[in-house]
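The values are calculated or read from the model by the stated rules, or taken from the named source; none is laboratory data. From a predicted model like this one, the values you see are computed outputs, not experimental measurements. Cβ: placed from backbone, ideal geometry, glycine included. Neighbour counts: every protein chain shown. Calculation scope for accessible area: heavy atoms of the full protein, side chains included, ligands and nucleic acids excluded. Shrake-Rupley method; radii C 1.70, N 1.55, O 1.52, S 1.80 Å.
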Amino acid sequence: MEIHFTEKEEAILKKISAAAEQLHMPCYLIGGFVRDKILHRATKDADIVCVGDGLKLAKTASLQFHPAPQVNLFKHYGTAHFKLSSGFDIEFVGARKESYQSHSRNPEVMPGTLIDDQNRRDFTINALAISLNKADYGTLIDPFTGLDDIENKIIKTPMDPSQTFSDDPLRMMRAIRFATQLKFTIEENTLNAITKNADRIKIISQERITDELNKIIMSTKPSIGFKLMFETGLLHYIFPQMEALSGAENIDGIGHKDNFYHTLQVLDNVAAKSLDLWLRWAAILHDIGKPATKKFEEEHGWTFHGHEVVGGKMVPKIFNKLKLPLGENMKYVKKLVELHLRPISLSKENITDSAIRRLLFDAGEDIDDLMILCESDITSKNKQKVKRYLENFEHVRERCHEVEEKDRLRNWQPPITGETIMQTFGIGPCRHVGDIKNAIREAILDGHIPNQFEAAFQFMLAKGKERNLKATDKA
Ligand code: CTP
């Protein structure tokens, strides 16, 4: 198998090869870089394994570059790395093996050969190495038939999968992440071992888990990963609120849709339209309040009243637990969850200007994203129904456009500030200020007055009068 490096890569690898030659230290490219080269995927950083002292090789290799990059050492992992000015990151590690002592369950890590090191890696597709040694430069070293697994699209561990997963339970998430990103199948034994060891994910830090989860979400078809997490039981440990969406109950022959699979469909739909991680999170969470609000009502069948409000309240808690950022991104997701029914309920009625204004006011900058989420939420198999909904949404979009042109509400700032109200009536901060501001906003949204300073000012004077407030001379 011929592997083609770009000219730039070739120049870098030749320098590392020269450094290894100087030290008489065998060294190899290994891991994701080799895998991605074979798959013709873009590569971003490279891992080098050497039979000897990785730090020494990193230092010698760094001196081949001008100016020499700074070598950083990660003592805990026994690795050293440097970044080139182009942004290309190279990590060095000495080959290791594990030795099991009878008195301890934890293996001792000690220097080993290349094959020892390949054996400790997570998947056969990540255990392929390419020699950087002068004698056989460029040769692929593939003791676990990783190349075949790449060709056959298979994720499989080099050793007993339970051992591989117990060494690092995060690898269960990585297996699912690679299966999702690459559209590979997880080999049966490996998949069974994930199911068997799923609860061990509890010992992994939330940050590492969430990192993998976000990579699954950013794949072209994230549902693949969620289904695997659900089927192996991992979802139960890492995201129980989502697992709770699954199942379709039936009473008196009346069922409801399985909200887990519906959510996955919505997520895939959004993923086909947007690369925004947070919009994808909004898709994942849009119906998260359904299990808590589910009821069977004699006259209506299954209902989920207020699930958007309950769901909105769950967003900060879930973000907090998953260690996702709690600032603007969280607020954005919460807002979309809260608003996700608005366009659909609007499209069912005669759309008044004021209803559109309120939607524009509440969604603000995020109106387009909200419309993507709502369109993605139509997962009916009934083609006629889908067509009708999409046409209605198109109408809502047009109406939003019209009203926006006219009233400019997308980034609405009140035309009259609290400061102006206080100055006009010569009052300090008090209940009247908030009440008058709200009254102005409502009048604009209802279309009683235009979204303009002069009209709002006159309206404010009238509201003040009703409250026996006197405008000062300055007004
Ligand atoms: N590796 C491993 N077990 C882990 C993490 C990594 O065995 N839990 C090994 C694999 O051989 C992997 C290599 O270390 O290929 C580099 O890991 P990393 O950079 O995290 O992942 P990549 O495989 O390069 O993939 P990606 O860049 O997509 O994360």
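Anything in segment 169-178 that is of a type in the set (A, V, I, L, M, F, W, C), near the ligand (Cβ under 9 Å from one of its atoms) and more than 16 Å from the chain's Cα centre (by Cα)? List them, or say none.
L170
Each row is one residue, and each column tells you yes or no for (1) under 29 Å from the mean Cα position of the chain (by Cα); (2) within 12 Å of the ligand (Cβ to nearest atom).
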residue: G31; (1), (2): yes, yes
residue: S62; (1), (2): no, no
residue: V71; (1), (2): no, no
residue: H81; (1), (2): yes, yes
residue: S86; (1), (2): yes, no
residue: E91; (1), (2): yes, yes
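Is it true that T124 is more than 9 Å from the ligand (Cβ to nearest atom), touching a helix residue (DSSP H, G or I) at 6+ places or on another chain (Cβ under 8 Å) and either at pLDDT below 95 or open to solvent by 30 Å² or more (accessible area, probe 1.4 Å) (or both)?
Working: more than 9 Å from the ligand (Cβ to nearest atom): yes; touching a helix residue (DSSP H, G or I) at 6+ places or on another chain (Cβ under 8 Å): yes; either at pLDDT below 95 or open to solvent by 30 Å² or more (accessible area, probe 1.4 Å) (or both): no.
Criteria not met by T124.
Does at least one position in segment 144-157 carry a residue that is away from the ligand (no atom under 11 Å from the Cβ), surrounded by fewer than 18 Cβ atoms within 10 Å (Cβ to Cβ), modelled with pLDDT under 95 and not polar (S, T, N, Q)? Show your work before the answer.
As a first pass, look at segment 144-157 and keep what is away from the ligand (no atom under 11 Å from the Cβ): 144-145, 147-156.
Still in the running and surrounded by fewer than 18 Cβ atoms within 10 Å (Cβ to Cβ): 145, 147-148, 151-153.
Those still in the list that are modelled with pLDDT under 95 too: 145.
Adding the requirement that they be not polar (S, T, N, Q) leaves none.
For segment 144-157, residues away from the ligand (no atom under 11 Å from the Cβ), surrounded by fewer than 18 Cβ atoms within 10 Å (Cβ to Cβ), modelled with pLDDT under 95 and not polar (S, T, N, Q): absent.
Look at segment 423-475 and say how many of its residues are under 41 Å from the mean Cα position of the chain (by Cα), in a loop (DSSP other than H, G, I, E, B) and charged (D, E, K, R).
Result for segment 423-475: 1.
For F178, only one of the following conditions fails: (1) surrounded by 18 or more Cβ atoms within 10 Å (Cβ to Cβ); (2) more than 24 Å from M1 (Cα to Cα). What is its number?
Going through (1) surrounded by 18 or more Cβ atoms within 10 Å (Cβ to Cβ); (2) more than 24 Å from M1 (Cα to Cα) one by one, F178 breaks only (2).
Got a sec? Which of I38, I90 is open to solvent by less than 60 Å² (accessible area, probe 1.4 Å) and touching a strand residue (DSSP E or B) at 6+ places or on another chain (Cβ under 8 Å)? Let's see the steps before the verdict.
Details: I38 fails: touching a strand residue (DSSP E or B) at 6+ places or on another chain (Cβ under 8 Å).
Step by step, each of I38, I90 is checked, and only I90 is open to solvent by less than 60 Å² (accessible area, probe 1.4 Å) and touching a strand residue (DSSP E or B) at 6+ places or on another chain (Cβ under 8 Å).
Return the pair list, or none, for Cβ contacts closer than 6 Å from residues in segment 304-316 that are farther than 14 Å from L326 by Cβ to residues that are at pLDDT below 95 and part of a loop (DSSP other than H, G, I, E, B), at least 6 apart or on different chains.
Listed pairs, sorted by first residue: F304/K294; E308/L341.
Can you name every one of the helices (runs of 4 or more DSSP H) wholly within segment 1-88 that holds 1 or more residues which are among the small types (G, A, S) and touching an Asp or Glu at 6+ places or on another chain (Cβ under 9 Å)? I'd like the intermediate steps shown before the answer.
Details: elements: 7-23, 32-38, 54-62.
Output list reads 32-38, 54-62.
Go over the candidates R41, R35 one by one and state the one that is in contact (Cβ under 8 Å) with a residue 12 or more places away in the chain and among the charged types (D, E, K, R). Lay out the reasoning, then the answer.
Working: R41 fails: in contact (Cβ under 8 Å) with a residue 12 or more places away in the chain.
Being in contact (Cβ under 8 Å) with a residue 12 or more places away in the chain and among the charged types (D, E, K, R) holds for just one of R41, R35, which is R35.
Of all helices (runs of 4 or more DSSP H) completely enclosed by segment 239-318, which ones contain at least 1 residues that are more than 23 Å from D211 (Cβ to Cβ)? If you could, list the steps in order and put the result at the bottom.
On the way: elements: 240-243, 259-273, 277-285, 290-293.
Fully inside segment 239-318 and qualifying: 259-273, 290-293.
Taking segment 304-337 only, how many residues are out of contact with any Ser or Thr (no Cβ under 7 Å at 6 or more places or on another chain) and open to solvent by 70 Å² or more (accessible area, probe 1.4 Å)? So that I can check it myself, show each step before the final result.
The initial filter retains those residues of segment 304-337 that are out of contact with any Ser or Thr (no Cβ under 7 Å at 6 or more places or on another chain), namely 308-309, 311-321, 325-337.
Right, trim to open to solvent by 70 Å² or more (accessible area, probe 1.4 Å) and you get 309, 313, 317, 320-321, 326, 328, 331.
Matching residues across segment 304-337 total 8.
Would you kindly identify the helices (runs of 4 or more DSSP H) lying entirely within segment 345-422 that contain at least 3 residues that are closer than 21 Å to A456 by Cβ, open to solvent by 30 Å² or more (accessible area, probe 1.4 Å) and touching a helix residue (DSSP H, G or I) at 6+ places or on another chain (Cβ under 8 Å)? Break it down stepwise before answering.
Values: elements: 353-363, 367-376, 383-407.
Correct list: 353-363.
Please go through segment 290-303 and give me each residue that is open to solvent by less than 50 Å² (accessible area, probe 1.4 Å) and either without any contact (Cβ under 8 Å) to a residue 40 or more places away in the chain or among the acidic types (D, E) (or both), ordered by number.
In the first step, residues of segment 290-303 are kept if they are open to solvent by less than 50 Å² (accessible area, probe 1.4 Å); the result is 290, 293, 297, 301-303.
T293, E297, T303 - these are the residues of segment 290-303 that are open to solvent by less than 50 Å² (accessible area, probe 1.4 Å) and either without any contact (Cβ under 8 Å) to a residue 40 or more places away in the chain or among the acidic types (D, E) (or both).
Go through I224, I141 for me and flag whichever is open to solvent by 10 Å² or more (accessible area, probe 1.4 Å), in contact (Cβ under 8 Å) with a residue 40 or more places away in the chain and more than 15 Å from the ligand (Cβ to nearest atom). Talk me through it step by step, then tell me what you get.
Working: I141 fails: more than 15 Å from the ligand (Cβ to nearest atom).
Going through I224, I141 in turn, the sole match is I224.
How many residues are under 22 Å from E375 (Cα atoms) and either small (G, A, S) or within 16 Å of the chain's Cα centre (by Cα) (or both) if we restrict to segment 312-336? Walk me through it before giving the result.
Keep residues of segment 312-336 that are under 22 Å from E375 (Cα atoms), which gives 312, 315, 329-336.
When the remaining residues are screened for being either small (G, A, S) or within 16 Å of the chain's Cα centre (by Cα) (or both), the result is 312, 315, 329-334, 336.
Residues that pass the stated criteria total 9.
Would you check which residues across segment 198-218 are within 14 Å of the ligand (Cβ to nearest atom) and either basic (K, R) or out of contact with any Lys or Arg (no Cβ under 8 Å at 6 or more places or on another chain) (or both) and list them?
The answer is R200, I201, I203, I204, S205, R208, I209, D211, L213, N214, K215.
Please state which of the following conditions S62 fails to meet, knowing it meets all the rest: (1) surrounded by fewer than 20 Cβ atoms within 10 Å (Cβ to Cβ); (2) free of Cβ contacts under 8 Å to residues at least 40 places away in the same chain; (3) closer than 25 Å to I3 by Cα.
(1)
If we keep just the residues of segment 111-121 that are within 15 Å of the ligand (Cβ to nearest atom) and in a loop (DSSP other than H, G, I, E, B), which is least open to solvent (accessible area, probe 1.4 Å)?
Here is the first cut: in segment 111-121, the residues within 15 Å of the ligand (Cβ to nearest atom) are 112, 114-121.
With the extra rule that they be in a loop (DSSP other than H, G, I, E, B), the set shrinks to 112, 120-121.
Details: G112: 14, R120: 54, R121: 54 Å².
Only one residue tops the list, namely G112.
To keep it simple, each residue is scored yes or no on (1) within 23 Å of the chain's Cα centre (by Cα); (2) within 30 Å of K273 (Cα to Cα).
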position	(1), (2)
A135	no, no
G138	no, no
K153	no, yes
S166	no, no
T180	yes, yes
K183	yes, yes
A198	yes, no
I201	yes, no
S223	yes, yes
